[in-house]
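The values are calculated or read from the model by the stated rules, or taken from the named source; none is laboratory data. Model, not experiment: these values are computed from the prediction. Here the Cβ is made from the backbone with ideal geometry for all residues, glycine too, and neighbour counts use every protein chain on show. These accessible areas exclude ligands, DNA and RNA; they are computed on the full protein's heavy atoms, side chains included. Shrake-Rupley method; radii C 1.70, N 1.55, O 1.52, S 1.80 Å.
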Amino acid sequence: GITGGFSAVYPVLKAMEEGGRIRRGYFVDGLGGAQFALPGAVDRLRAERDAPEEPAVHLLAATDPANPYGAALSSPKRDDQRRALQRAAGAHVVLVNGEPVLYVERSGRAIVTLPAFDRDVGELAIRRLTETSEGGRPLTVERIDGEPAVDSIHAARFREAGFVTGYRGLTYRAPRAELAGARGR
């Protein structure tokens with residue numbers, strides 16, 4: 001959106017690099033062209049090269065700036081997936097070690113599993129989703145990957161996490177002990 005594009009800003013960035021204020025390199029795979037970052041940011045990226053001992057699982061709003069998918073990076077899709085995931089208000093994404101695993105549509109009733117879900121992190125993503133059952137309100141999933149949740153090939157994994165089959169789909173209700181702890185906060 002800058003008049004002249006990147007080439008108009010490049011001389012300023014180059015001067016900042018020569019002055020030692022920023023660094024130039026190819027820091028993020030998949031983003032073309034030279035990239036510039038503050039030295040501290042480069043050090044933090046390097047520190048994250050190796051996977052942590054415990055997986056980092058985060059539920060983010062799809063529009064959250066911390067979610068780069070759909071903005072700076074394209075969202076991963078399954079081969080049979082027709083459309084890209086939307087960065088819509090009310091939609092959420094579950095990331096495990098920075099990789100998207102589940103996409104929850106804005107209504108909360110439909111879930112899209114992403115390629116990483118098929119690896120060992122699917123259960124972690126489902127568990128994180130159940131932790132968001134606010135104030136004991138049930139979480140009902142009607143559709144998974146475009147088909148009825150109860151008929152999904154992933155239904156068993158959701159049931160193992162505490163979802164039960166209901167007339168609308170798969171429903172999760174927080175255990176009573178968990179509710180008492182939530183009310184005391």
### Average accessible area per residue (Å²) across the chain - probe 1.4 Å, nucleic acids and ligands excluded
64 Å²
#### Entry: Read-out volume of the Cα convex hull per residue in Å³, derived from the coordinates shown; its label in (i) 166; (ii) 117; (iii) 106
(i)
### Message
Quick check: Cα centre of the range 1-44 to Cα centre of the range 152-176, how many Å?
### Response
47 Å
### Query
Could you work out the helix-only [θ] at 222 nm for the chain, with each DSSP H run of four or more residues adding -39,500 (n - 2.57) and the total divided by the number of residues, to the nearest 500 deg cm²/dmol?
-7000 deg cm²/dmol
### Summary
Length-normalised contact order of the chain, Cα under 8 Å, at least 6 apart, in percent, tallies to 13 percent
### Query
Taking square-rooted eigenvalues a ≥ b ≥ c of the alpha carbon gyration tensor, is the range 89-177 rounded, prolate or oblate, where a/c under 1.5 means rounded and, failing that, a/b exceeding b/c means prolate?
rounded
## Note on the structure
Charge tally for neighbours of H58 with beta carbon under 15 Å away, counting Lys, Arg as +1 and Asp, Glu as -1, is -3
